[in-house]
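The values are calculated or read from the model by the stated rules, or taken from the named source; none is laboratory data. Note that the coordinates shown come from a computational prediction; the quantities given were computed from them, not determined experimentally. Cβ coordinates were reconstructed from backbone atoms using ideal geometry, including for glycine residues, and neighbour counts include every protein chain displayed.
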Amino acid sequence: MGAFNRRNKRVSIGNVTHLRPFRRNQLRNDPGYDEAEEGPDIEYVRPRRRGIYLLPNAFTTAALFAGFYAIVAAMNGHFDSAAIAIFAAMVLDGMDGRVARITNTQSAFGEQYDSLSDMTSFGVAPALVMYTWILRDLGKWGWIAAFVYCTCAALRLARFNANIGVVDKRFFQGLPSPAAAALVAGFVWLVIDNKLPVRELWMPWVAFAITLYAGLSMVSNAPFYSGKALDVRYRVPFGMMVLVLVLFVVVSTDPPVALFGLFVAYAVSGYLLWAWRALHGEPGGVRKARAGGPDGLGGGN
């Protein structure tokens, strides 16, 4: 690349140094000047600075902060706060992609930053929260389950990035990582809020099974509805608003029970759809999108 030296007023390209144009013009008045010896005229061009979009990346940073806070809260024994922080990260992660699409501020930087944030908030944080809370009582089986979940989250995010523009945008290939994290965090919040007997012999194994189910579902080929076909910028039927109102009422009555129940239903829905397609002779996995279709960038990886 070209480099500029103010002291000798020369332009360097690689290992070759040329005089600046105005210096060349002065030397041309010299009778002994040979233009061929100096090489072609070189004009210094200052490289253009590249920035990032603030608004969508601010939401991504907030989601990353919530995931990091969940880890710190779990280390300090505040497991209910850790579970709530993971749910907050899920909401923020769903907003950054939609904000980017609405404001037309998508970028390659935002995609990579979102994936790294998701790995922390929905891969590392749920695994550490569950292990610190109850899985460590199982010894090596506990950390194996947590590691399997964390690894599957990384594989899920890598596959999602590699398949952008390839799979049908209406469905996720495998359980999305925010839903898997909500399943794990929802179980923690449910047990703590309802004061269930954590130290019973069967409770750690239930947590073990939920952690493995959430992790392995992320790398499955089961189709899970993505909701990306629903565009908030356009009109929807009046009944959709009534459904949203009912959903708010149900969740507000008992958030831990309602949220865990909703995500359990969602975590099973992909396999039910997979089985229904198999019974009707349709392709069981996620069907490929049409050429030139939407790429489905954004949250919900």
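Report those helices (runs of 4 or more DSSP H) wholly inside region 75-142 carrying at least 2 residues which are modelled with pLDDT under 95.
On the way: elements: 79-102, 108-118, 125-133.
It comes to 79-102, 108-118.
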All positions within region 170-182 that are surrounded by 19 or more Cβ atoms within 10 Å (Cβ to Cβ), over 12 Å from the mean Cα position of the chain (by Cα) and not hydrophobic (A, V, I, L, M, F, W, C)
Q173, G174
Yes/no for A207 being over 25 Å from the mean Cα position of the chain (by Cα) and small (G, A, S):
no
Scanning region 124-151 residue by residue, those among the β-branched types (V, I, T) and in contact with a helix residue (DSSP H, G or I) (Cβ under 7 Å, 6 or more places away or on another chain) turn out to be V124, V129, T132, I134, V148
Cβ-Cβ distance below 9 Å, separation of 6 or more or different chains: which pairs start in region 230-248 with a residue that is farther than 20 Å from R98 by Cα and end on one that is modelled with pLDDT of 75 or more?
L247/A258; L247/L262
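So that you can scan it fast, the table gives a plain yes or no per residue for (1) crowded, with 24+ Cβ neighbours inside 10 Å; (2) closer than 28 Å to V191 by Cα; (3) in contact (Cβ under 8 Å) with a residue 12 or more places away in the chain:
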{"residue": "H78", "(1), (2), (3)": "no, yes, no"}
{"residue": "I84", "(1), (2), (3)": "no, yes, yes"}
{"residue": "T103", "(1), (2), (3)": "no, no, yes"}
{"residue": "D114", "(1), (2), (3)": "yes, no, yes"}
{"residue": "M119", "(1), (2), (3)": "no, yes, yes"}
Single residue of region 37-74 satisfying the filter (part of a loop (DSSP other than H, G, I, E, B) and within 21 Å of S107 (Cα to Cα)) that is modelled with the highest pLDDT
Y53
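In region 86-101, which residues are of a type outside the set (G, A, S) and either under 30 Å from D193 (Cα atoms) or free of Cβ contacts under 8 Å to residues at least 60 places away in the same chain (or both)?
To start, the set of residues in region 86-101 that are of a type outside the set (G, A, S) comprises 86-87, 90-93, 95-96, 98-99, 101.
The answer is I86, F87, M90, V91, L92, D93, M95, D96, V99.
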So K195 passes all but one of these: (1) closer than 20 Å to A85 by Cα; (2) charged (D, E, K, R); (3) part of a helix (DSSP H, G or I). Which condition number does it fail?
(3)
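Could you say which residue among A185, A158, A145 is under 23 Å from N57 (Cα atoms) and either under 22 Å from the mean Cα position of the chain (by Cα) or touching a residue at least 60 places away in the same chain (Cβ under 8 Å) (or both)? Outline the logic, then answer.
Details: A185 fails: under 23 Å from N57 (Cα atoms); A145 fails: under 23 Å from N57 (Cα atoms).
The conditions single out A158.
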